[in-house]
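The structure appears below as structure tokens.
The values are calculated or read from the model by the stated rules, or taken from the named source; none is laboratory data. Small disclaimer: the values here were computed from a predicted structure and weren't measured. Positions of Cβ are generated from backbone atoms using ideal geometry, with glycine treated the same way; all protein chains shown enter the neighbour counts.
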Amino acid sequence: MINTPVETAPKEFKFLNAMSDLLDSRFRIPGTNIRFGLDFLVGLVPYAGDLVTFAFSGVLVLAMVRNGASGMLALKMLGNVLLDTLVGSIPILGDLFDLGFKANRRNYKLLQEHYQEGKHGGSAWPVVVGVLFVLLLLSFLVIFIVVKSFSWMIHFIEQY
């Protein structure tokens, strides 16, 4: 199915815009153009803050999916949130990253492009299947390494 541009956006888009703004760009450092939101402020609390903002971002992505995001768009949005969370969990560097990356604003823009211009459509299944295949291969590799390690340790212990 091909996504076509739609003239009007749901009323909930105002809420999504306000939430992504609150999380990523509501406040400004005086005398600069640097904007930040609750994502940055809460993220200053190591690890726990990143988990809290991950949850808020996840809820925002779910709301966007409810408003017509395609599977591929949802995958792109989740990628933004995961990148923001993973890099954001690194002390100091992650906080600086949060100032510039703004995953929630990016996701809102992706939703607008999808809804108004028909971009980012399509199924995410090929990507999901590919990722699952890679994870399966990595699982077998880890199991193989663990078995070989135990075999090596047993062989080493038997020699003494």
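The set of residues in region 58-93 that are of a type in the set (Ser, Thr, Tyr) and within 14 Å of residue 111 (Cα to Cα) contains only 70. Among helices (runs of 4 or more DSSP H) entirely within region 17-127, having at least 1 residues that are surrounded by 15 or more Cβ atoms within 10 Å (Cβ to Cβ) and among the basic types (Lys, Arg) singles out 71-88, 103-117. Restricting attention to region 80-115 and to residues that are free of Cβ contacts under 8 Å to residues at least 40 places away in the same chain and in contact with an Asp or Glu (Cβ under 7 Å, 6 or more places away or on another chain), the residue that is farthest from residue 18 (Cα to Cα) turns out to be 85.
Residue 149 passes every criterion in (1) under 29 Å from residue 42 (Cβ atoms); (2) at pLDDT 85 or above apart from (1).
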